[in-house]
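What follows is a short report on a single structure.
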Amino acid sequence: MNHWPFILGAYALTVLATLGLLGGSWAAMRRAERQADAAGRTP
Amino acid sequence: MPGPGKGKLGFDAAHRSAKQTPDPMHAFANPARFLKIARPLTGWLGWTGALLAVGALAAGLFASPSDYLQGESVRIMYVHVPAAWLGMAGWSGIAAASAMQLIWRHPLAAVAARALAVPGAVFAALCLATGSLWGRPTWGTYWEWDGRMTSMLVLLFLYLGHIALGSADRERGGEGRVTALFGLVGAINLPVIHYSVVWWNTLHQGQSISFVRASSSIAPEMLWPLLAAALGFSLLFASAVLMRMRAELARLKVEARLRRMASE
């Protein structure tokens, strides 16, 4: 059995999930901090 | 319940009390002090972790040798083991934060526990998926209901339960005590996962690295990429947790501000 499709599948899944986690966390952080800054500036 | 002009987790009270209590555990109870450290640390952890992880994965794919028994499929170890370690480390963090929330009422503990849940669930799911992809060419099956795999699946369900409980609690405006209790009780699954390969006759292989005995049955040319991958993904995990904590603190700040405006 050729092992490489399983190896590449596992690596691709890990990279995509990690990038998705980091990207999602970063976007949520930027959005929340922008809202907090805007709320702080409101008199 | 918080009074007018006060955050749900005592956002403002924490600011005041941290000035009066300089003990080490409460030194970072002040969100402003925590954020002063978390902001530069987020990027530093993320970029260092990315460099380490990319280098380790490249070494795992192209430089490390294949195994005499498992062949090329052993390369899946460089993504599977860090995912398993982080899946378990994430719940250990949730349990520690839950204890800090319930016993010492640390104002950042609930924020930390909530921030750990999604990254922990992602890595627990990755552990199961990569393990399944490793199992097919090695054992001839994607899945077996053995002790290690089943207890890891239970951990993923615990994470999903924690995320759902935390979200429901946040919508109700609660203090998150039930979620914290769930985090503590769920930690009972961690020794079950760890010792499953000892207690039961499992298809999953036994422990290859022991930090307690400082011993390893893995060849050094395989061990170093594995440790680098574990460290790299751990730094990325920590960066994601800090981002999620910063997002949660910003959200609490907006809520505290809106409450103050409503009471004026």
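Numbers below:
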{"quantity": "Computed label-point distance, nm, for sites residue B:72 and residue A:31 using a 7 Å Cα→Cβ extension", "calculated": "4.1 nm"}
{"quantity": "Cα-based shape type of segment B:145-249, given that a ≥ b ≥ c are square roots of the gyration tensor eigenvalues and the cut on a/c is 1.5", "calculated": "oblate"}
{"quantity": "Zone of residue B:207's modelled label, taken as backbone nitrogen in segment B:150-173 under 12 Å from a point 7 Å along Cα→Cβ", "calculated": "none"}
{"quantity": "Dipole in debye (nearest 20) - the protein assembly as shown, about Cα centre, beta carbon charges: Lys, Arg +1; Asp, Glu -1", "calculated": "1420 debye"}
{"quantity": "Ranking of B:234, B:98 by count of other Cβ atoms within 10 Å, fewest first", "calculated": "B:234, B:98"}
{"quantity": "Tensor-based shape of chain A (alpha-carbon gyration tensor, a/c under 1.5 rounded, otherwise prolate or oblate)", "calculated": "prolate"}
{"quantity": "Residues residue B:263 and residue B:139, FRET efficiency given R0 of 45 Å [Cβ-Cβ distance, rounded to 0.05]", "calculated": "0.15"}
{"quantity": "Cα gyration tensor category, rounded, prolate or oblate, for segment B:32-83 with a/c compared to 1.5", "calculated": "prolate"}
{"quantity": "Likely footprinting exposure, B:67, B:169, fewest C-beta neighbours within 10 Å first", "calculated": "B:67, B:169"}
{"quantity": "Taking B:44, B:200 and counting other C-beta atoms within 10 Å, the order from fewest to most", "calculated": "B:44, B:200"}
{"quantity": "Candidates B:142, B:159, B:78, ranked by Gaussian network fluctuation over chain B, Cα under 10 Å, top entry", "calculated": "B:142"}
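Read-outs throughout are calculated quantities, based only on the coordinates presented, and are distinct from any laboratory measurement. Just so it is clear, the model here is predicted, and its values are computed rather than measured. Positions of Cβ are generated from backbone atoms using ideal geometry, with glycine treated the same way; all protein chains shown enter the neighbour counts.
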